[in-house]
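Engineer: Sharing a structure with you now.
The values are calculated or read from the model by the stated rules, or taken from the named source; none is laboratory data. Computed from a predicted structure; not experimentally measured. No Cβ is skipped: glycine too gets one built from the backbone with ideal geometry, and neighbour counts run over all protein chains shown. What goes into the accessible areas is simple: the full protein's heavy atoms, side chains included, and nothing from ligands, DNA or RNA. Shrake-Rupley method; radii C 1.70, N 1.55, O 1.52, S 1.80 Å.
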Amino acid sequence: MRGVRRALVSLALMVWTAAAAFAQNTSGNVSGRVLDQSQAAVPGVSVTATNPSTGFNRATVTDDEGLYRLTALPVGNYELKVELAGFQTRTRQVEVQVGANL
């Protein structure tokens, strides 16, 4: 009986340790909504986040409501570029921190 108890305790400890390691996060998210001058949503806009220090980038396109979400961006400083033909390109600097939802 003692052997079974030890095995169960060991198994529980391994699961707990693995869950704790998996829960550690080293990234953040950036999301937003692209609107025109009349505050109307703009779908189909390319949104790119680029970390100039590492060259890492991630891109997405806004949905029908002008919403975008860039997930699991490694921590760091990014240039966020928003562009669509016929519109002026906009850039913004953002700092992604661990677990942040900007």
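Engineer: Give me the pairs: first residue in the stretch 35-64 and at positive phi, second residue in a strand (DSSP E or B), beta-carbon distance under 7 Å, and six or more apart or on different chains, which are they?
Structural biologist: Gly44/Val61
Engineer: Given the criteria touching a residue at least 40 places away in the same chain (Cβ under 8 Å) and either within 22 Å of Glu95 (Cβ to Cβ) or open to solvent by 70 Å² or more (accessible area, probe 1.4 Å) (or both), does Leu80 qualify? Even if it seems obvious, please write down each step before you answer.
Structural biologist: Working: touching a residue at least 40 places away in the same chain (Cβ under 8 Å): yes; either within 22 Å of Glu95 (Cβ to Cβ) or open to solvent by 70 Å² or more (accessible area, probe 1.4 Å) (or both): yes.
So Leu80 fits the description; yes.
Engineer: Restricting to the stretch 70-84, give me the number of residues that are under 20 Å from Gln39 (Cβ atoms) and in contact with a Gly (Cβ under 8 Å, 6 or more places away or on another chain).
Structural biologist: Qualifying residue count, the stretch 70-84: 1.
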